[in-house]
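Asker: My questions all concern the structure below.
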Amino acid sequence: MPERVVTVVPEDGLHARPASVFVETANEYDSEVKVGPEDGDLVNAASMLSVTGLGVSGGEKVRISAEGDDAEEALDALEEVLSTPEDEL
Amino acid sequence: MTERRFEGIGVTPLSGVGTVVWYAPDAELDDPPEPDEVDADAETARFEEARESAREELKAERERTAERVGEDEAAVFDAHVQFLDDPQITDGVSEQISDGLPAEHAVQRTFDRFVEQFEGMEGRMAERADDLRDVRDRLVRVLSGGERVNLAELAEGSVVFAERLTPSDTAQLDPERVAGFVTVTGGRTSHAAIFARSLALPAVVGVGEELNEVEDGAEVVVDGTDGEVIVDPAEETKQAAADEEEVEIRSEPVSTADGVEIEVAGNVGTAADLGPAADRGADGIGLFRTEFLFLDRQSPPDEEEQYETYLEALEAFPDGRVVVRTLDVGGDKPIDYLDLPDEENPFLGERGIRRSLGPDADLFETQLRALLRAAGSDSGGNLAVMLPLVSTVEEVRDARETLDSVAEDLESEGAEYAVPEFGVMVETPAAAFMAPDLASEVEFFSIGTNDLAQYVMAAERGNEHVAELGDYTQPAVLRAVRATVEAAEGTDVWVGMCGEMAGDPDLTELLLGLGLDELSMSAVTVPQVKQAVTETDTEDARKLAEKALSAGTKAEVRRVLTENTQS
């Protein structure tokens, strides 16, 4: 299953708007997408509750994984979101 | 009846009098029926329907909030929609329904589990609990067809009391009918506080559990200046609050009682502040901080983006002056792409104009290009450019040289441009001492009292142990202000003031007596200061300033001011 480790650029981390955009993006793909700490359990990336519940701050690393036909595309899109500063989202 | 006073955090310097309306959105549900009486399919359909209605409501409230408060605040509603669609929520509710619960109970139980989980966490995640409660209450209300206190249809003069106010609550409040609000929880940056400031409503937040003692229907004064809530107020308390409340908003420039016109302008930190400043009657912008353009991003804004932003400010005030301060950053600000040094004492380090003439020379040039082009636009005639943290004459000359070379470049490119008014912020003791020499280099001074007080008194802003020392009514600060104004007298240089001091209506007469031509402040106190200007006689003001300048202690300065108000 393809996965990547990405540094979260938005200063606020996975909260508020960056989290919203992240979850929205995850929902756009058919693949089952997950996110979590670099070396911990992953949660459903399409769930706002799960994503904000991770408590990820800006500058931290997260692991994202995807399973499905469009897995690589989904990961590309999510990596893009995580690498974009908040005011450019 | 004796007054009862409650202390909280005042979030706007406004007061209001009104009648308490307790707003308790938590819906109490009856006990659920027996599981075998519940038709799971019907309940699932009800839940789906409720979700759709809630989604429609959220959409409408999002639009209203974007219009009234701003895009940032409106974004909260996007998160609410996401909670509505969250698989953990929808799965949870379906599960509870198939276990035999009606939709409203299923919603409540499912959300409560997550509310508890988030409440146990810290900081931003605890705030999420508020959002979840908000969405839960909305769904339960829709499902039970219940009416809550309708915030859109309150009686005029209502003071809303609540445990907390959520974005959904404030989106419904009709500011015309609400005399203010008070919350048990919350701080200066809570949603309720931001909302109060953008709509200029009197508000006190974070009062604590004691607030629950106050009965519905009680008469109350909300004093946002002192952060006090006064229940069963005495006549004179009400009168004092009403006097303050009655300040009218004057959108025309004002003059003193003896006819001297004084410019009263707004300080602006982001483009979103422009509207409120104009709404409060600011004549122009006395301090347009440009840092917001540079913060929270990976690379500096280009010339075009800056040009557009400056144009926006100029167009918001077609008849008023717009003073733009060039980039003022130092080691205390996190801007990755600038590679700001880690300094022992960033407030005395490489910051403001020092960086613009040093490591950030390219940025400075780009900013000046954008500014000169904005000055050359149709609405650019009122643009002024101001340098931060000037301490020597050379800095001003070097900056002027850059400005001239930028003008030459634009000329040779055939670009539309104009050279704007050029001035300095007086915020270091050096600038105040050198004001007579600086006066022949510039067209204006603007005294930045927050930093001037900090540097004159060697008392760090933000450090509460030296807050008394760093107060702007210290005689040393007053004398530095006077020295600056005096240096400009008899020249064409005008002198303004931006900073907290300029926005203190109790000091307006003194400041006019000290000889200031312009006062610039946070939008919210513009009406009070304009009012104070109209009540001032310049000759009396001059005498007041003389007395204050001869005072040797801060207590004496304060006494001079108090005696003046009483006479």
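The values are calculated or read from the model by the stated rules, or taken from the named source; none is laboratory data. Owing to the predicted nature of the structure, the values given are computational and were not obtained by experimental measurement. Note that each Cβ is placed from the backbone with ideal geometry, even for glycine, and that neighbours are counted across all protein chains shown.
Asker: Cβ-Cβ under 6 Å, sequence separation 6+ or interchain: first residue in the stretch B:444-456 and in contact (Cβ under 8 Å) with a residue 12 or more places away in the chain and closer than 14 Å to B:LEU387 by Cα, partner among the small types (Gly, Ala, Ser) and assigned to a strand (DSSP E or B). Which pairs?
Answerer: Between residues of the stretch B:444-456 that are in contact (Cβ under 8 Å) with a residue 12 or more places away in the chain and closer than 14 Å to B:LEU387 by Cα and residues that are among the small types (Gly, Ala, Ser) and assigned to a strand (DSSP E or B), the close pairs are B:PHE444/B:GLY423; B:SER446/B:GLY496.
Asker: Would a scan of the stretch B:254-265 turn up a residue that is touching a strand residue (DSSP E or B) at 6+ places or on another chain (Cβ under 7 Å), more than 20 Å from B:THR508 (Cβ to Cβ) and either in contact (Cβ under 8 Å) with a residue 40 or more places away in the chain or surrounded by 13 or more Cβ atoms within 10 Å (Cβ to Cβ) (or both)? Break it down stepwise before answering.
Answerer: Here is the first cut: in the stretch B:254-265, the ones touching a strand residue (DSSP E or B) at 6+ places or on another chain (Cβ under 7 Å) are B:254-256, B:261-265.
Subset that is more than 20 Å from B:THR508 (Cβ to Cβ): none.
The answer is no, given that none of the residues of the stretch B:254-265 is touching a strand residue (DSSP E or B) at 6+ places or on another chain (Cβ under 7 Å), more than 20 Å from B:THR508 (Cβ to Cβ) and either in contact (Cβ under 8 Å) with a residue 40 or more places away in the chain or surrounded by 13 or more Cβ atoms within 10 Å (Cβ to Cβ) (or both).
Asker: Within the stretch B:108-134, which residues are small (Gly, Ala, Ser) and facing another protein chain (nearest Cβ under 10 Å)?
Answerer: Taking the stretch B:108-134 as the starting set, the residues that turn out to be small (Gly, Ala, Ser) are B:120, B:123, B:126, B:129.
B:GLY123, the sole residue that qualifies.
Asker: Output yes when any residue across the stretch B:501-514 is farther than 15 Å from B:ILE262 by Cβ, surrounded by 21 or more Cβ atoms within 10 Å (Cβ to Cβ), hydroxyl-bearing (Ser, Thr, Tyr) and in contact with a helix residue (DSSP H, G or I) (Cβ under 6 Å, 6 or more places away or on another chain), and no when none is.
Answerer: No, the stretch B:501-514 has no match at all.
Asker: Within the stretch B:350-390, track down each residue that is buried (at least 21 other Cβ atoms within 10 Å of the Cβ) and more than 30 Å from B:PRO318 (Cβ to Cβ).
Answerer: Those that are buried (at least 21 other Cβ atoms within 10 Å of the Cβ) and more than 30 Å from B:PRO318 (Cβ to Cβ): B:ARG351, B:ARG355, B:ASP360, B:LEU389.
Asker: Considering only the stretch B:115-132, state which residues are out of contact with any Lys or Arg (no Cβ under 8 Å at 6 or more places or on another chain), surrounded by fewer than 21 Cβ atoms within 10 Å (Cβ to Cβ) and at pLDDT 85 or above.
Answerer: B:GLU116
Asker: Moving on. Of the residues B:GLU7, B:GLU52, B:GLU67, which single one is over 23 Å from A:ALA19 (Cβ atoms), exposed (fewer than 13 other Cβ atoms within 10 Å of the Cβ) and modelled with pLDDT of 90 or more?
Answerer: Numbers: B:GLU7 fails: exposed (fewer than 13 other Cβ atoms within 10 Å of the Cβ); B:GLU67 fails: modelled with pLDDT of 90 or more.
Testing whether each residue is over 23 Å from A:ALA19 (Cβ atoms), exposed (fewer than 13 other Cβ atoms within 10 Å of the Cβ) and modelled with pLDDT of 90 or more leaves just B:GLU52.
Asker: Could you tell me how many of the residues in the stretch B:77-107 are at the interface with chain A (Cβ under 10 Å from one of its Cβ atoms) and over 41 Å from the mean Cα position of the chain (by Cα)?
Answerer: Residues in the stretch B:77-107 being at the interface with chain A (Cβ under 10 Å from one of its Cβ atoms) and over 41 Å from the mean Cα position of the chain (by Cα): 1 in total.
Asker: Can you tell me which residue in the stretch A:52-76 is nearest to the chain's Cα centre (by Cα), limited to those that are aliphatic (A, V, I, L, M) and over 30 Å from B:THR270 (Cα atoms)? Give the derivation first.
Answerer: Let us first name the residues in the stretch A:52-76 that are aliphatic (A, V, I, L, M), namely A:54, A:56, A:62, A:64, A:66, A:71, A:74-75.
Now drop any that are not over 30 Å from B:THR270 (Cα atoms), which leaves A:54, A:62, A:64, A:66, A:71, A:74-75.
Working: A:LEU54: 11, A:VAL62: 8, A:ILE64: 6, A:ALA66: 10, A:ALA71: 13, A:ALA74: 10, A:LEU75: 8 Å.
Among them, the one singled out is A:ILE64.
Asker: Can you name the number of the only condition in (1) surrounded by 13 or more Cβ atoms within 10 Å (Cβ to Cβ); (2) away from chain A (no Cβ under 14 Å); (3) within 31 Å of the chain's Cα centre (by Cα) that B:ARG46 fails?
Answerer: (3)
Asker: For B:THR183, work out the one condition from (1) assigned by TED's automatic domain parsing to the domain that holds B:VAL93; (2) modelled with pLDDT of 85 or more; (3) not basic (Lys, Arg) it doesn't fulfil.
Answerer: Tallying (1) assigned by TED's automatic domain parsing to the domain that holds B:VAL93; (2) modelled with pLDDT of 85 or more; (3) not basic (Lys, Arg), B:THR183 fails exactly one: (1).
Asker: Looking at (1) within 7 Å of chain B (Cβ to nearest Cβ); (2) farther than 19 Å from B:PHE111 by Cα, find the lone condition where A:ALA26 falls short.
Answerer: In the conditions (1) within 7 Å of chain B (Cβ to nearest Cβ); (2) farther than 19 Å from B:PHE111 by Cα, A:ALA26 misses (1) alone.
Asker: With within 14 Å of chain B (Cβ to nearest Cβ), surrounded by 15 or more Cβ atoms within 10 Å (Cβ to Cβ), among the small types (Gly, Ala, Ser) and assigned to a helix (DSSP H, G or I) as the only criterion, which of A:ALA19, A:ALA46 stands out? Steps first, answer last, please.
Answerer: Numbers: A:ALA46 fails: assigned to a helix (DSSP H, G or I).
Selected residue: A:ALA19, the only one of A:ALA19, A:ALA46 that is within 14 Å of chain B (Cβ to nearest Cβ), surrounded by 15 or more Cβ atoms within 10 Å (Cβ to Cβ), among the small types (Gly, Ala, Ser) and assigned to a helix (DSSP H, G or I).
Asker: Return yes or no: is B:ALA487 part of a helix (DSSP H, G or I), under 22 Å from B:VAL385 (Cα atoms) and free of Cβ contacts under 8 Å to residues at least 60 places away in the same chain?
Answerer: On the way: part of a helix (DSSP H, G or I): yes; under 22 Å from B:VAL385 (Cα atoms): yes; free of Cβ contacts under 8 Å to residues at least 60 places away in the same chain: yes.
Here the answer is yes, as B:ALA487 does meet what is asked.
Asker: Could you please find all residues in the stretch B:428-452 being in a loop (DSSP other than H, G, I, E, B) and more than 26 Å from the chain's Cα centre (by Cα)?
Answerer: Within the stretch B:428-452, B:MET434, B:ALA439, B:SER440, B:GLU441, B:VAL442, B:GLU443 meet the criteria.
Asker: Look at the stretch B:515-526 and say how many of its residues are in a helix (DSSP H, G or I) and crowded, with 24+ Cβ neighbours inside 10 Å. Break it down into steps so the answer makes sense when it comes.
Answerer: Filtering the stretch B:515-526 for residues in a helix (DSSP H, G or I) gives B:523-526.
With the extra rule that they be crowded, with 24+ Cβ neighbours inside 10 Å, the set shrinks to B:523, B:525-526.
The number of residues fulfilling the criteria is 3.
Asker: If A:ASP87 passes every condition in (1) closer than 23 Å to B:ILE89 by Cβ; (2) surrounded by fewer than 16 Cβ atoms within 10 Å (Cβ to Cβ); (3) among the acidic types (Asp, Glu); (4) within 14 Å of chain B (Cβ to nearest Cβ) but one, which one does it miss?
Answerer: With respect to (1) closer than 23 Å to B:ILE89 by Cβ; (2) surrounded by fewer than 16 Cβ atoms within 10 Å (Cβ to Cβ); (3) among the acidic types (Asp, Glu); (4) within 14 Å of chain B (Cβ to nearest Cβ), A:ASP87 is out only on (1).
Asker: Suppose we keep only residues that are of a type in the set (A, V, I, L, M, F, W, C) and without any contact (Cβ under 8 Å) to a residue 40 or more places away in the chain within the stretch B:541-567. Which one would you say is nearest to B:LEU510 (Cα to Cα)?
Answerer: Kept after step one, since they are of a type in the set (A, V, I, L, M, F, W, C), are these residues of the stretch B:541-567: B:541, B:544-545, B:548-549, B:551, B:555, B:557, B:560-561.
Going one step further and asking which of them are without any contact (Cβ under 8 Å) to a residue 40 or more places away in the chain, we end up with B:544, B:555, B:560.
Working: B:LEU544: 6, B:ALA555: 15, B:VAL560: 10 Å.
Top of the filtered list is B:LEU544.
Asker: Against the condition part of a helix (DSSP H, G or I), loosely packed, with under 15 Cβ neighbours inside 10 Å and out of contact with any Cys (no Cβ under 7 Å at 6 or more places or on another chain), how does B:GLU416 come out, does it pass?
Answerer: Details: part of a helix (DSSP H, G or I): no; loosely packed, with under 15 Cβ neighbours inside 10 Å: yes; out of contact with any Cys (no Cβ under 7 Å at 6 or more places or on another chain): yes.
So B:GLU416 fails the test.
Asker: Is there a residue in the stretch B:76-87 that is buried (at least 19 other Cβ atoms within 10 Å of the Cβ), in a loop (DSSP other than H, G, I, E, B), at negative phi and without any contact (Cβ under 8 Å) to a residue 60 or more places away in the chain?
Answerer: Yes, the stretch B:76-87 contains a residue that is buried (at least 19 other Cβ atoms within 10 Å of the Cβ), in a loop (DSSP other than H, G, I, E, B), at negative phi and without any contact (Cβ under 8 Å) to a residue 60 or more places away in the chain.
Asker: Still on this structure, please answer the following. B:ASP506 is checked against (1) part of a helix (DSSP H, G or I); (2) under 21 Å from B:GLU443 (Cβ atoms) and fails just one. What number does that condition carry?
Answerer: Going through (1) part of a helix (DSSP H, G or I); (2) under 21 Å from B:GLU443 (Cβ atoms) one by one, B:ASP506 breaks only (2).
Asker: Among the residues of the stretch B:10-42, which ones are of a type in the set (Val, Ile, Thr), at pLDDT 85 or above and crowded, with 17+ Cβ neighbours inside 10 Å? Lay out the reasoning, then the answer.
Answerer: Of all residues in the stretch B:10-42, those of a type in the set (Val, Ile, Thr) come to B:11-12, B:17, B:19-21, B:38.
Now restrict to residues that are at pLDDT 85 or above: B:17, B:19-21, B:38.
Hits for the stretch B:10-42 are B:VAL17, B:VAL20, B:VAL21, B:VAL38.
Asker: Out of B:ARG280, B:ARG250, I need the residue that is buried (at least 22 other Cβ atoms within 10 Å of the Cβ), of a type in the set (Lys, Arg) and out of contact with any Cys (no Cβ under 9 Å at 6 or more places or on another chain). Which one? Let's see the steps before the verdict.
Answerer: Working: B:ARG250 fails: buried (at least 22 other Cβ atoms within 10 Å of the Cβ).
From the options B:ARG280, B:ARG250, the qualifying one is B:ARG280.
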